[in-house]
Amino acid sequence: MAERATLARPYAEAAFEVASESGALAENLGLWTGYLERCASVAQNTEAQEAFKLPSMSPEQSVELIVSVAGLPTSEQRAFLLLLAQNKRLTLLPEVYSHLSELASQAAHVLNAEVASAFPLTEDQIASISKLLQTKYGSQVKLSVSVDPELIGGVRISVGDEVMDASVREKLSKMTVALLN
């Protein structure tokens, strides 16, 4: 998986640069991320992936397959898709989209945080966690909340490379290590 992310990163950075070139960065990034999200969903389809592998499928035909589902691209987006197709990298579109979304969030000074809890969180709890993270990091925070029953209780919050684990499972694990040492 890391290899795919490594291969996708330069393409996402190139898309970011193209979106940055013409004035309204936030608007252009919104257009690019929205379009690449649709393209990524096409590229994840197993039938599309098989079609991309066909020796008879030209790069232009591969791009037309994506465009027929994702909608009409701008000239820059079409050129971008054609570059991916020529380099046989259309299957990397989900990773390209993911990395471009991260770059867009960074440009907008918005942090992406993943919150996993043992039980569904209330709106008040989510707002409280969001406020706490905004205070800690000094920027806007976009939360992705999920339920992970294996945590037993509590929450695990990931912001970039930093993980704050206040789950019962983590506490039990630490107690086990302390008792064994």
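Read-outs throughout are calculated quantities, based only on the coordinates presented, and are distinct from any laboratory measurement. Predicted, not measured: the structure shown is a model, and the values here were computed from it. Glycine gets a Cβ as well: all are built from the backbone with ideal geometry, and neighbour counts include every protein chain shown.
Among bridges DSSP assigns within the chain, what percent are antiparallel (round to 5)?
Of all bridge pairs located within the chain, approximately 60 percent are antiparallel.
Cα to Cα, under 28 Å, and not fewer than 8 places away if on the same chain: which lysines meet these conditions relative to Lys88?
Excluding near neighbours in sequence, the set is Lys53.
Report the far tail of the P(r) of the chain, meaning the percent of Cα-Cα pairs longer than 21 Å. Write out the running numbers ahead of the final one.
Values: 9726 of 16290 pairs.
The answer is 60 percent, as a whole percent.
Order 110-122, 42-54 from most to least packed using the mean count of other Cβ atoms within 10 Å.
Highest mean packing first, the order is 110-122, 42-54.
Which of the lysines could a cross-linker span from Lys142 if the Cα-Cα distance has to be under 22 Å and same-chain partners fewer than 8 positions apart are dropped?
The qualifying lysines are Lys131.
Net charge near Ser146: determine it from the other residues with C-beta under 12 Å of the C-beta of Ser146, scoring Lys and Arg +1 and Asp and Glu -1.
Neighbourhood net charge equals -2.
Between Gly154, Val18, His109, whose Cα lies farthest towards the positive end of the dipole of the chain when Lys and Arg beta carbons carry +1 and Asp and Glu beta carbons carry -1, centred on the Cα centre?
So the residue we want is Gly154.
If I model a spin label at Ala14 and Glu150 as a point 7 Å from the Cα along the Cα→Cβ vector, what separation in nanometres do I get?
Result for the modelled spin labels: 3.7 nm.
For the ranges 94-102, 74-82, 59-67, 154-162, what's the packing order if you count other beta-carbon atoms within 10 Å of each residue, average per peptide, and put the highest first?
Working: 94-102: 21.2, 74-82: 16.7, 59-67: 18.4, 154-162: 14.6.
Peptide ranking by packing, descending: 94-102, 59-67, 74-82, 154-162.
Before anything else, pin down the relative contact order of the chain: Cα pairs under 8 Å, at least 6 apart, normalised by residue count, whole percent.
Across the chain, relative contact order equals 20 percent.
Given only helices, namely DSSP H runs of n ≥ 4 each adding -39500 (n - 2.57), what is the per-residue ellipticity at 222 nm of the chain, to the nearest 500 deg cm²/dmol? If you can, show how the numbers build up before the last one.
Numbers: 8 runs with 114 residues, N = 181.
Helix-only estimate at 222 nm: -20500 deg cm²/dmol.
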